[in-house]
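Student: Mind looking over this structure? Questions follow.
The values are calculated or read from the model by the stated rules, or taken from the named source; none is laboratory data. For clarity, every value in this text was computed on a predicted model and none was experimentally measured. Glycine gets a Cβ as well: all are built from the backbone with ideal geometry, and neighbour counts include every protein chain shown. Accessible surface is based on the protein model in full, side chains and every heavy atom, while ligands, DNA and RNA are left aside. Shrake-Rupley method; radii C 1.70, N 1.55, O 1.52, S 1.80 Å.
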Amino acid sequence: MDNKEIASERKALIFNIQRYSTEDGPGVRTTVFFQGCPLRCLWCSNPESKQHKPQMLYFENTCTECYSCLKVCPNGANQKKDDGTVWVDRNLCQNCGACVEACPSNARSIAGRWMTVDEVYKIIDKDVIYYMNSDGGVTLGGGECTSQPEFVLELLDRCYQRGIHICLDTCGYAPWSILEKILQKVDLVLFDIKHLDPVKHKEFTGVDNRLILDNASKIRQMGKKIIIRLPLIPGYNDDEKNITAIGRFMKLWGLDSIDILPYHRLGVNKYHALGEEYMLENLPSLQKDNIKSKVKILESFGLKVNVV
Ligand code: SF4
Ligand code: SF4
């Protein structure tokens, strides 16, 4: 039997696969979002991607109070409040998905599905013609895809054999031994840098930035093409000192391209649906027109700046 015919049983937890994506690297791409991330960025717009487990989301504003979910829950996690609305006790919920099936109003969904390499590759393979015609390909993102390295390596093999352009979108917080293996078959790296100050980085993301910065410089030394990505969060990392420090760091390591991702609030509803508190509740979205001064600082270091 040909190797390609042997279906791999290795599975990864995936929370989304987006076809025809145009914001995760060049051309038309399929982006595979892996669930689970070692960082806890305060502004994360995909809160369902943080934990390495499926999670049930309950969108209260879509609920019609039919109470079907109360009947099917094996753990008594759904409860009717005195005013008739439904509340989920997250300490009891086991994310089994029974209420998702039972809900007639699509007020519930499960984020995260265990998928085999074959299942993911079959979706990727559907759009090869679009990748070829647009200089696009596949992007592995998340969450953090390097947290599920064995699966990523198998999937990369399949894409590589087919000649598909591969882009790795990473927070950079991974052991070098893992990153180095994955990078062998990656064409382009989208690499997040959030703050140059290690204390502030830890305060805003939960982890120190030294491993991340070290990995960025090692990737550059490998000769890999790398684009730095900066989520720009007003009041957190958009001060002149930090932007200048990022410009200097990039210049020092010969990194020449940076994408700025202005802060937006598209993920806020998902925090509520997961029963989690959103720490930046009162922070308005950042308009592209208001970041010209940051662009200028970065351009003064000779960097190519792109606002996504
Ligand atoms: S996901 Fe399962 S355990 Fe959680 S509320 Fe729904 S039915 Fe209950
Ligand atoms: S099944 Fe859906 S619509 Fe019915 S009470 Fe539960 S969440 Fe609301």
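Student: Report, by residue number, each residue of segment 61-76 that is charged (D, E, K, R) and near ligand 2 (Cβ under 8 Å from one of its atoms).
Tutor: Across segment 61-76, the qualifying residue is only GLU65.
Student: Looking only at segment 62-81, how many residues end up being touching a residue at least 24 places away in the same chain (Cβ under 8 Å) and either farther than 29 Å from MET115 by Cα or within 13 Å of ligand 1 (Cβ to nearest atom) (or both)?
Tutor: Kept after step one, since they are touching a residue at least 24 places away in the same chain (Cβ under 8 Å), are these residues of segment 62-81: 62-64, 66, 68-69, 71-74.
Next, from what is left, pick out any that are either farther than 29 Å from MET115 by Cα or within 13 Å of ligand 1 (Cβ to nearest atom) (or both): 63-64, 66, 68-69, 71-74.
Qualifying residue count for the region: 9.
Student: Just one of (1) touching a Phe, Trp or Tyr at 6+ places or on another chain (Cβ under 8 Å); (2) buried (at least 16 other Cβ atoms within 10 Å of the Cβ); (3) closer than 30 Å to LYS202 by Cβ trips up LEU42, so point out which.
Tutor: LEU42 satisfies all of (1) touching a Phe, Trp or Tyr at 6+ places or on another chain (Cβ under 8 Å); (2) buried (at least 16 other Cβ atoms within 10 Å of the Cβ); (3) closer than 30 Å to LYS202 by Cβ except (2).
Student: Now a separate question. So which residues in segment 38-68 are among the aliphatic types (A, V, I, L, M) and assigned to a strand (DSSP E or B), if there are any at all?
Tutor: MET56, LEU57
Student: Contact list please: Cβ distance under 8 Å, first residue in segment 82-102 and near ligand 1 (Cβ under 8 Å from one of its atoms), second residue among the basic types (Lys, Arg), pairs at least six apart or on different chains.
Tutor: Every condition considered, the pairs that remain are ASN95/LYS53; CYS99/ARG108; VAL100/ARG108; ALA102/LYS71.
Student: Related question: Among all residue pairs at least 6 apart or on different chains, which show Cβ distances below 8 Å where the first residue, located in segment 160-177, is in the same structural domain as PHE33 (by TED's automatic domain parsing) and the second is open to solvent by less than 30 Å² (accessible area, probe 1.4 Å) and of a type in the set (Lys, Arg)?
Tutor: Sorted first by the residue in segment 160-177, then by its partner, the pairs are CYS167/ARG29; ASP169/ARG229.
Student: Tell me which of these ASN306 doesn't satisfy, since it passes every other one: (1) over 30 Å from ASN95 (Cα atoms); (2) open to solvent by 40 Å² or more (accessible area, probe 1.4 Å); (3) in a helix (DSSP H, G or I).
Tutor: Of the numbered conditions (1) over 30 Å from ASN95 (Cα atoms); (2) open to solvent by 40 Å² or more (accessible area, probe 1.4 Å); (3) in a helix (DSSP H, G or I), the odd one out for ASN306 is (3).
Student: What pairs come out if I take residues in segment 290-308 that are under 15 Å from PRO234 (Cβ atoms) and pair them with residues that are of a type in the set (Asp, Glu) and open to solvent by less than 40 Å² (accessible area, probe 1.4 Å) whose C-beta lies under 8 Å away, six or more apart or interchain?
Tutor: Qualifying pairs under 8 Å: ILE291/ASP238; LYS294/ASP238; VAL307/ASP259.
A quick yes/no check of all residues on (1) surrounded by fewer than 16 Cβ atoms within 10 Å (Cβ to Cβ); (2) in contact (Cβ under 8 Å) with a residue 24 or more places away in the chain; (3) within 26 Å of GLY163 (Cβ to Cβ); (4) not assigned by TED's automatic domain parsing to the domain that holds CYS41:
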position	(1), (2), (3), (4)
LYS185	no, yes, yes, no
PHE191	no, yes, yes, no
LYS194	no, yes, no, no
VAL199	yes, no, no, no
GLU203	yes, no, no, no
ILE212	no, yes, no, no
ALA216	no, yes, no, no
LYS224	no, yes, yes, no
